[in-house]
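The values are calculated or read from the model by the stated rules, or taken from the named source; none is laboratory data. Note that the structure is a prediction, hence the values are computed from the model and not measured. Glycine also receives a Cβ, built like all others from the backbone with ideal geometry; neighbour counts cover every protein chain displayed. Side chains are part of the model used for accessible areas, which takes the heavy atoms of the whole protein and leaves out ligands, DNA and RNA. Shrake-Rupley method; radii C 1.70, N 1.55, O 1.52, S 1.80 Å.
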Amino acid sequence: MDLSEQGQQDPGPAVSAQRDGSAIPGGHKQHVTRADVAKLAGVSPQTVSRVANGHPSVIGSTRERVLAAMRDLGYRPNSAARALRYGQFKTIGVILYSLSATGHSETVGAIATQAAAEGYAITVIPVDVPTQDSVLGAFTRMGELAVDAVIVFIEVRLLDAGTVKLPPGVRVVIVDSDAGDRYRVVDTDQAGGTRHAVSHLLELGHETVWHVTGPETSYASQRRARTWRTVLEEAGRPVPPPLHGDWTAASGYAAGLKLAEEPGCTAVFAANDHMALGLLHAFQERGKAVPGDISVVGFDDLPESAFFAPSLTTVHQDFAEVGRKSAQEALRQIREHDVPRSGTDLVPTRLVVRRSTAPPPLKR
């Protein structure tokens, strides 16, 4: 008997068999096979195989009939044996730093949904401290868990700096990283979103735009800060000194207290919505009206940003689309037995204009 066709016996007391292996009243056959399921469901053994492997070609009614037969007989496909036979474990690994970071849970959810639609599961390993050792340890654990591909997204620039060496030959997709010269990267258009944000403020008539950055170790923060500077320089505008934040509302609040004392500050671009919220709070405390005195633009388009006071103009990122594209690329590499292609696949961003931006006070 092919091991991939052998089910696992239910160890409960109701499952018993006669010496010839046939079922006895109140019990299941000792070794339920694919052929047993096919006979009960009235389909071919090949159809049972397709259902067990999550193949999309089986119509819904037939799939339900086969699944019902599997449940009735206590049939459970042997996934390890199937992997040995077909060379696939039907699992995608996900390594990430901080599941609670903005957009990460939505991205992982989209990866899981896309994978499940093609008969795959995902295994998630979070990295508590983003160091070379911890990332390599995560890859080692992924190897032990037997995955077909790995999707990696880590907020800090470990991969960008080349300090982490990924195992040779492993199918890999990178999210939110400047590693497109070595691996396949899926990311939102950080530069395009920043350009829209800063240009929007300049078009409203502001002389320049101040900036509250994210952490210096963050690829996304660096890309946004670099583009902010470039847009101002291209427009021939003065470039104010950036204020450094850490993605938190508290750091945005601290930056806002300083900016409230800058007489020439009429517009601020915050590298994320949480820091923009801190800015709004600081400006309110210091008697600065938004957008009457100072306009504020964020980045991310959190669901809550529409309910800030005032509602926040911000850059929308499609985190779910990043997840879908990441999973699609991983599945493509698995299907085509392909090594990772270099290059970056950018998901477009868009500016969402709300009530936190307006022309500067002197030009009204």
Open item on the list: Given (1) in contact (Cβ under 8 Å) with a residue 40 or more places away in the chain; (2) surrounded by fewer than 24 Cβ atoms within 10 Å (Cβ to Cβ); (3) assigned to a helix (DSSP H, G or I), identify the lone condition not met by LEU279.
Closed with: (2)
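Select from the stretch 96-125 the residues that are more than 12 Å from the chain's Cα centre (by Cα) and surrounded by 15 or more Cβ atoms within 10 Å (Cβ to Cβ) and write down the one among them that is nearest to GLN317 (Cα to Cα). Quick ask: steps written out before the conclusion?
If we filter the stretch 96-125 for residues that are more than 12 Å from the chain's Cα centre (by Cα), which is where we start, we get 115-123, 125.
Keeping just the survivors that are surrounded by 15 or more Cβ atoms within 10 Å (Cβ to Cβ) gives 115, 118-120, 122-123, 125.
Working: ALA115: 21, GLU118: 25, GLY119: 28, TYR120: 26, ILE122: 23, THR123: 25, ILE125: 24 Å.
Restricting to residues being more than 12 Å from the chain's Cα centre (by Cα) and surrounded by 15 or more Cβ atoms within 10 Å (Cβ to Cβ), the top hit is ALA115.
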Open item on the list: Would you confirm, using the coordinates I've provided, whether ALA254 is modelled with pLDDT of 90 or more and buried (at least 24 other Cβ atoms within 10 Å of the Cβ)?
Closed with: no
TODO: Filter the stretch 75-95 for residues that are modelled with pLDDT of 75 or more, open to solvent by 20 Å² or more (accessible area, probe 1.4 Å) and part of a loop (DSSP other than H, G, I, E, B) and give the result.
DONE: PHE89, LYS90
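Yes/no per residue for (1) small (Gly, Ala, Ser); (2) closer than 30 Å to ALA179 by Cα:
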| site | (1), (2) |
| --- | --- |
| ALA225 | yes, yes |
| GLY245 | yes, yes |
| THR248 | no, yes |
| GLU262 | no, no |
| PRO291 | no, no |
| PRO310 | no, no |
| THR314 | no, yes |
| PHE319 | no, yes |
- [ ] Filter the stretch 143-166 down to residues that are open to solvent by less than 50 Å² (accessible area, probe 1.4 Å) and within 30 Å of SER57 (Cβ to Cβ) and give me whichever is modelled with the lowest pLDDT.
- [x] ALA146
- [ ] Read through the list (1) in contact with a strand residue (DSSP E or B) (Cβ under 6 Å, 6 or more places away or on another chain); (2) at negative phi, then give the number of the only condition that ASP301 fails.
- [x] (2)
TODO: Select from the stretch 307-364 the residues that are basic (Lys, Arg) and part of a helix (DSSP H, G or I) and write down the one among them that is least open to solvent (accessible area, probe 1.4 Å).
DONE: ARG332
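What number of residues within the stretch 183-192 satisfy the criterion of being open to solvent by less than 10 Å² (accessible area, probe 1.4 Å) and of a type outside the set (Ser, Thr, Tyr)?
Filtering the stretch 183-192 for residues open to solvent by less than 10 Å² (accessible area, probe 1.4 Å) gives 185-188, 190.
Pick out the ones that are also of a type outside the set (Ser, Thr, Tyr) and you get 185-187, 190.
Within the stretch 183-192, residues that are open to solvent by less than 10 Å² (accessible area, probe 1.4 Å) and of a type outside the set (Ser, Thr, Tyr) number 4.
State which residue is modelled with the highest pLDDT when the search covers only the stretch 167-182 and only residues that are surrounded by 20 or more Cβ atoms within 10 Å (Cβ to Cβ), hydrophobic (A, V, I, L, M, F, W, C) and over 21 Å from GLU216 (Cβ atoms). Break it down stepwise before answering.
Of all residues in the stretch 167-182, those surrounded by 20 or more Cβ atoms within 10 Å (Cβ to Cβ) come to 171-177, 179.
Remaining after also requiring hydrophobic (A, V, I, L, M, F, W, C): 172-175, 179.
Subsequent filtering for residues that are over 21 Å from GLU216 (Cβ atoms) retains 172-173.
Details: VAL172: 86, VAL173: 90.
If we take residues in the stretch 167-182 being surrounded by 20 or more Cβ atoms within 10 Å (Cβ to Cβ), hydrophobic (A, V, I, L, M, F, W, C) and over 21 Å from GLU216 (Cβ atoms), then VAL173 is modelled with the highest pLDDT.
I'd like the residue in the stretch 193-230 that is among the charged types (D, E, K, R), within 26 Å of the chain's Cα centre (by Cα) and surrounded by fewer than 19 Cβ atoms within 10 Å (Cβ to Cβ) and, out of all such residues, is farthest from PRO360 (Cα to Cα).
Narrowing the stretch 193-230 to residues among the charged types (D, E, K, R): 195, 203, 207, 216, 223-224, 226, 229.
If we keep only those that are within 26 Å of the chain's Cα centre (by Cα) as well, we get 195, 216, 223-224, 226.
Pick out the ones that are also surrounded by fewer than 19 Cβ atoms within 10 Å (Cβ to Cβ) and you get 216, 226.
Details: GLU216: 30, ARG226: 24 Å.
If we take residues in the stretch 193-230 being among the charged types (D, E, K, R), within 26 Å of the chain's Cα centre (by Cα) and surrounded by fewer than 19 Cβ atoms within 10 Å (Cβ to Cβ), then GLU216 is farthest from PRO360 (Cα to Cα).
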Open item on the list: Kindly evaluate LEU302 against the criterion of being free of Cβ contacts under 8 Å to residues at least 60 places away in the same chain and of a type in the set (A, V, I, L, M).
Closed with: no
Task: Filter result for VAL239 (among the β-branched types (Val, Ile, Thr) and within 28 Å of the chain's Cα centre (by Cα)) - done: no
